[in-house]
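What follows is calculated from the coordinates using simple rules that are stated; it is not laboratory data. Given the structure is predicted, the values throughout are model-derived calculations rather than measurements. Note that each Cβ is placed from the backbone with ideal geometry, even for glycine, and that neighbours are counted across all protein chains shown.
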Amino acid sequence: MREDQIETATAPLRDDIRFLGAILGETIRGHEGPEVFDLIERVRVEAFRVRRSEVERSAVADMVRDTDIRTALPLIRAFSHFLLLANLAEDLQRDRRRAVHAAAGEPPQESSLAATYRKLDAARPDGALVADLLDDAVMSPVITAHPTETRRRTVFDVQSRITDLMRQRQRYTESEPQYAELETKLRRQVLTLWRSALIRLARLRIQDEIEVGLRYYDLTLLEVMPRINADVRAALRARWPEYSLLRRPILRPGSWIGGDRDGNPNVTGEVVHRATHRAGAVALGHYLTELVGLEKTLSLSARLAAVTDDLARLAETSFDDSPQRADEPYRRAVRGIRIRLTATARRALGEIPADGVDIDALDAEVEPYASAQDLLNDLAVVDASLRASGDGLLADDRLAALRGAVETFGFHLQGLDMRQNSETHEQVIAELLAWAGVHADYASLPEDRRVELLAAELGTRRPLLGPGARLSDLAAKELGVLRAAKAALDDLGPDTVPNYIISMCTSVSDLLEAALLLKEAGILDPGDADTPPSSPAGVVPLFETIEDLRQGAQTLVAALEVPAYHRLVAARGMRQEVMLGYSDSNKDGGYLAANWALYRAELDLVEAARKTGIRLRLFHGRGGTVGRGGGRSYDAILAQPAGAVRGSLRLTEQGEVISTKYAEQGTAYRNLEALVAGTLESTLLDVEGLGADAEPAYELFDELAELARQAYARLVHETPGFVEYFRASTPIAEVGDLNLGSRPASRKPTSSVSDLRAIPWVMAWSQSRVMLPGWYGTGAAIEQWAGEDPERMAVLADLYRRWPFFRTVMSNLAQVMAKADLDIAAHYAELVEDDTLREKIFGMIRDEFDRTVRMHAAVTGSDHLLADNPALAESIRNRFPYLEPLNQMQVELLRRRRAGDDSELVERGILLTMNGLATALRNSG
């Protein structure tokens with residue numbers, strides 16, 4: 001697109017930004033006074049001059065230095081609010097561009113399901129193969145907590161109202177009266193936004209994180225997920241009508257919030273109960289509300305519409321003998337369903353949701369539904385009766401949406417994964433075995449003896465503990481968590497806790513220890529000679545470090561050779577999930593080495609699955625940033641090795657990325673359809689594109705990744721003083737001290753990079769605009785491998801064009817580097833008191849940054865980092881001048897805090913800058 005075309009296409013975006021910015025500015029002037037407004041305006045103008053290279057970078061820093069904190073806070077809030085409004089404007093612009101694209105009759109865009117269907121129609125894969133590959137297909141986005149996502153629900157609600165009003169504004173010209181009315185309403189909402197606190201002042205509790213995660217269901221997911229599931233099922237069955245494809249919905253949500261206790265002491269049995277039962281309340285409450293609406297809608301008269309015998313029998317369960325309902329069998333049938341669902345809610349939750357029926361006032365005992373399938377069966381009776389009388393149009397409306405929701409969410413809403421570190425498992429198992437008299441010192445045993453002992457215990461139903469067992473606080477807490485998970489499974493169904501994930505899994509005994517804990521809690525039944533074992537929760541190894549990824553397939557194969565474990569997997573249909581950790585592998589070995597270690601691990605796991613006969617499901621622990629596996633999900637899915645996505649894939653969604661993707665209906669639909677589109681294409685089409693060149697390409701990347709790992713290690717692991725530099729030049733200490741989330745910044749008290757959690761590690765580098773985890777080491781590796789050899793560089797350029805994996809790696813790297821700003825980072829480096837250390841390490845970072853930019857250009861053939869992403873390039877032009885004051889203000893407040901000013905207002909200012917930058921970058925951790 002030419003420069004003038006870009007200018008024309010983006011004019012509405014610039015207009016929206018100016019319009020919202022002007023309203024915000026007038027609001028600030030009116031409520032903070034002209035002096036504060038004038039300072040904000042001077043800083044804004046100067047920030048744009050910095051961006052245009054008209055003044056030195058220090059210009060903004062000089063303006064905010066020594067600013068009184070009471071003036072600094074509205075300044076920080078002003079730029080944070082502007083960036084939030086800019087996000088809204090960009091989302092509206094994307095909607096406009098899609099509408100223009102569709103109106104022009106252009107082909108469907110990549111990552112849309114329409115584009116995927118065109119590809120499938122062209123390839124026409126064999127139906128039997130499609131049915132096999134999509135057997136129990138699932139794409140599961142798993143919501144996890146994140147410390148930078150601290151915005152309150154109030155703020156989200158206001159954002160949503162502003163978005164709706166801006167959409168309405170597009171329909172009118174300034175001369176129409178509706179335009180002025182909308183402007184007044186927008187001013188009212190911007191005022192509300194300005195007068196509302198962006199963040200909580202109190203420490204974010206895990207209970208708050210649970211509620212934050214659940215709010216996206218009411219906002220979008222309860223409606224959007226079932227709609228996509230229905231559309232995909234219909235589209236695939238229309239293409240392969242002889243197969244009952246997607247018997248279960250392909251989109252099924254998950255969560256870690258309240259179940260992930262790896263390094264989070266705040267997760268207890270009570271928290272697990274709250275997380276699962278609050279989720280169940282959202283699901284059951286939604287169904288009851290929809291049933292109320294359905295009861296009002298289905299007013300069909302028995303005199304005018306015949307009903308089936310099944311519907312007539314269902315109508316008798318309504319306990320409604322009022323004359324006005326005698327002729328309305330559908331209303332009575334729906335009321336009967338609502339009565340039983342109310343009883344179900346009371347049994348499972350201990351309370352009746354708002355739209356439940358007062359079942360205590362009924363003269364009979366009401367039988368709760370035993371499962372969500374029983375509810376679906378009753379809804380199917382209503383559906384069948386409507387269709388039998390020619391009223392299918394009614395069945396396809398609200399009733400179909402409700403059936404789709406129950407199919408998708410069950411009574412549990414979302415599967416809550418449990419996760420704990422293997423080291424904790426070992427300690428607890430050792431204590432249980434000692435208490436039971438099985439072995440006094442399990443921890444001293446070699447691996448083969450551990451496996452032998454654990455396998456024997458998994459072969460019996462005998463519990464290790466009796467009622468009077470006395471345990472340490474650690475063991476009691478761990479068993480309390482698992483027993484709460486068992487209670488949730490009993491209350492809400494077998495999909496409530498689908499997985500038990502083992503962090504830092506390095507051995508077969510790590511898997512067996514987790515299985516034994518599930519057995520002790522009553523979740524896993526080992527079976528007997530006549531009965532196979534069973535467990536609704538699968539044991540899932542998480543391979544995280546570079547070394548663990550290399551050994552992952554070997555560990556899994558060895559576990560499957562243990563008969564007790566093999567029987568368990570066989571009882572689950574030979575389905576085995578494996579989680580791959582992006583965060584710790586990146587922190588361990590750097591960006592390119594981690595990405596390649598993950599790819600290699602997948603290749604090995606696919607081969608292991610072929611040899612052992614398991615159906616492998618991969619769970620990608622992706623964070624928001626590229627340094628933690630972020631980037632476009634569709635591209636990431638297509639970049640998987642052949643055979644790695646056999647219809648099934650799970651991935652984590654974290655922090656402000658969740659709000660970016662799922663806070664608004666249209667955006668949620670597009671992001672979810674992209675996940676499904678990528679899963680279908682990667683499963684049913686050949687997307688790797690290497691053919692016979694695969695093995696040479698793999699060997700090349702073995703070498704390239706090792707060079708990148710060495711370059712990264714020289715800085716992070718081998719340079720004396722690196723940790724000191726990191727702690728001084730980033731807000732990492734404040735991430736921990738300011739309690740930005742319920743989880744501690746480190747797994748344990750330490751100054752080691754290896755023990756630091758990946759989220760704060762990446763977030764700290766993002767806040768300081770170095771973005772180191774998303775690129776460092778890549779340039780050195782390419783330069784060292786290719787050198788001055790044009791033939792070697794041509795090989796890399798060819799792989800970049802043909803191989804989705806390499807193309808995605810380079811594209812994500814470019815996105816990160818475009819968001820980085822080493823001139824701003826230099827101001828953070830000034831926080832390092834040791835001049836020699838600062839100059840050495842920052843010099844290494846700057847040299848590698850420049851080198852990586854050059855190597856990116858050499859491989860891709862483009863001097864522009866964002867040549868393949870013009871939307872992000874435009875976003876950076878629009879918003880990045882507004883990041884400058886936030887970064888400079890953060891540096892200033894960090895300097896004050898470290899000089900001894902620990903006042904509440906300074907801490908609040910730092911927290912606000914972190915939140916504002918996270919909002920602007922949209923993937924900070």
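For an R0 of 56 angstrom, estimate the FRET efficiency from the Cβ-Cβ distance between Glu56 and Thr268 and round to the nearest 0.05.
On the way: r = 53 Å, r/R0 = 0.94.
After rounding, the FRET efficiency stands at 0.60.
Would you please classify the overall shape of segment 280-409 from the alpha carbon gyration tensor, given that a ≥ b ≥ c denote the square roots of the eigenvalues, rounded means a/c under 1.5, and beyond that prolate means a/b larger than b/c while oblate covers the rest? Write out the running numbers ahead of the final one.
Working: a/c = 1.93, a/b = 1.30, b/c = 1.49.
Oblate is the answer for segment 280-409, as a/c is 1.5 or above yet b/c matches or exceeds a/b.
Membrane-span-like helices in the chain: DSSP H runs reaching 30 Å or more (Cα, own axis), mean Kyte hydropathy at least -0.5? Display every interim value, and only then the final one.
Values: long enough: 11-32 (31 Å, -0.13); 69-103 (51 Å, 0.11); 269-297 (42 Å, 0.04); 591-612 (31 Å, -0.04); 694-716 (32 Å, -0.05); 835-860 (37 Å, -0.42); 870-898 (40 Å, -0.77).
Long hydrophobic helices here: 11-32, 69-103, 269-297, 591-612, 694-716, 835-860.
Å³ per residue of the Cα convex hull, for the chain?
Numbers: hull volume 184.8 nm³, N = 925.
Considering the Cα atoms of the chain, their hull volume per residue is 200 Å³.
For segment 281-306 and segment 867-918, what is the centre-to-centre distance using only Cα atoms, to the nearest Å?
The distance from the Cα centre of segment 281-306 to that of segment 867-918 comes to 50 Å.
Any idea how far apart Asp218 and Ala11 come out in nm if each label point goes 7 Å out from Cα toward Cβ?
4.2
Could you put Trp240, Trp256 in order, starting from the residue whose Cβ has the fewest other Cβ atoms within 10 Å? Working shown, then result.
On the way: Trp240 18, Trp256 27.
By the 10 Å Cβ count, ascending: Trp240, Trp256.
With a 10 Å Cβ neighbour count serving as the proxy for reagent exposure, in which order, fewest first, do Val130, Val267 appear? Please report the intermediate quantities before stating the final value.
Working: Val130 22, Val267 26.
In increasing order of surrounding Cβ atoms, one gets Val130, Val267.
Among Tyr591, Tyr565, rank each residue by its count of other Cβ atoms within 10 Å, from fewest to most, as a rough exposure measure. Could the numbers behind the result be given before it?
Details: Tyr591 29, Tyr565 24.
Fewest-to-most Cβ neighbours within 10 Å comes out as Tyr565, Tyr591.
Once both labels are modelled 7 Å past Cα along the beta-carbon direction, what's the Ala364-Arg303 spacing in nm?
2.7
About its Cα centre, how strong a charge dipole does segment 306-441 have in debye, to the nearest 20, once Lys and Arg get +1 and Asp and Glu get -1 at the Cβ?
Details: 13 positive and 26 negative charges, 63 e Å.
So the magnitude is around 300 debye.
List the pair-distance distribution P(r) of segment 421-621, using every Cα-Cα distance, as the percent of pairs falling in each 5 Å bin from 0 up to the bin containing the longest distance, rounded to whole percents.
In whole percents, the pair-distance histogram is 1, 7, 16, 19, 20, 16, 11, 6, 2, 1, 0.
If packing is taken as the average count of other Cβ atoms within 10 Å, what order do 165-178, 766-779 fall into, highest mean first? Could the numbers behind the result be given before it?
Working: 165-178: 12.6, 766-779: 27.6.
The packing order, highest mean first, is 766-779, 165-178.
Between Glu452 and Asp528, what length in nm is gained on full extension when 0.36 nm per residue of separation is reduced by their alpha carbon distance?
Length difference between fully extended and current span is 25.5 nm.
Enumerate the residues in segment 244-263 having an amide nitrogen under 20 Å from the point lying 7 Å beyond the Cα of Gln373 toward its Cβ.
Label zone hits: 244-253.
With a cut-off of 16 Å, note down the residues of segment 472-494 whose backbone N falls inside the zone around a label point 7 Å from the Cα of Val438 toward its beta carbon.
It comes to 475-476, 479, nothing else.
Fully extended, how many nm does the chain gain between Asp397 and Asp693 (0.36 nm per residue separation, minus their Cα-Cα distance)? Kindly include the intermediate steps, with their values, before the conclusion.
On the way: separation 296, 0.36 × 296 = 106.56 nm, distance 5.10 nm.
So the extension gain works out to 101.5 nm.
Say R0 is 41 Å: what FRET efficiency, to the nearest 0.05, do Ala570 and Ala476 get from their beta-carbon distance? Mind dumping the intermediate values first?
Numbers: r = 33 Å, r/R0 = 0.81.
Working from the Cβ atoms, E equals 0.80.
Using a basic spin-label model with each label point 7 Å from the Cα along Cα→Cβ, how many nm lie between Glu706 and Arg188?
6.8
Using a Förster radius of 35 Å, what is the FRET efficiency between Thr460 and Ala123 based on their Cβ-Cβ separation? Nearest 0.05, please.
Details: r = 51 Å, r/R0 = 1.45.
Efficiency at R0 = 35 Å is approximately 0.10.
How much length is gained on full extension from Ala388 to Arg895, taking 0.36 nm per residue of separation minus their Cα-Cα distance?
Working: separation 507, 0.36 × 507 = 182.52 nm, distance 7.40 nm.
Between Ala388 and Arg895, full extension yields an extra 175.1 nm.
Place a +1 charge on the Cβ of each Lys and Arg in the chain and a -1 charge on the Cβ of each Asp and Glu, then give the dipole magnitude about the Cα centre in debye, rounded to the nearest 20. Write down the numbers at each step before the final one.
Details: 112 positive and 139 negative charges, 290 e Å.
It comes to approximately 1400 debye.
Helix-only mean residue ellipticity at 222 nm, the chain, DSSP H runs n ≥ 4 weighted -39,500 (n - 2.57), per residue, nearest 500. What is it?
Helix-only estimate at 222 nm: -20000 deg cm²/dmol.
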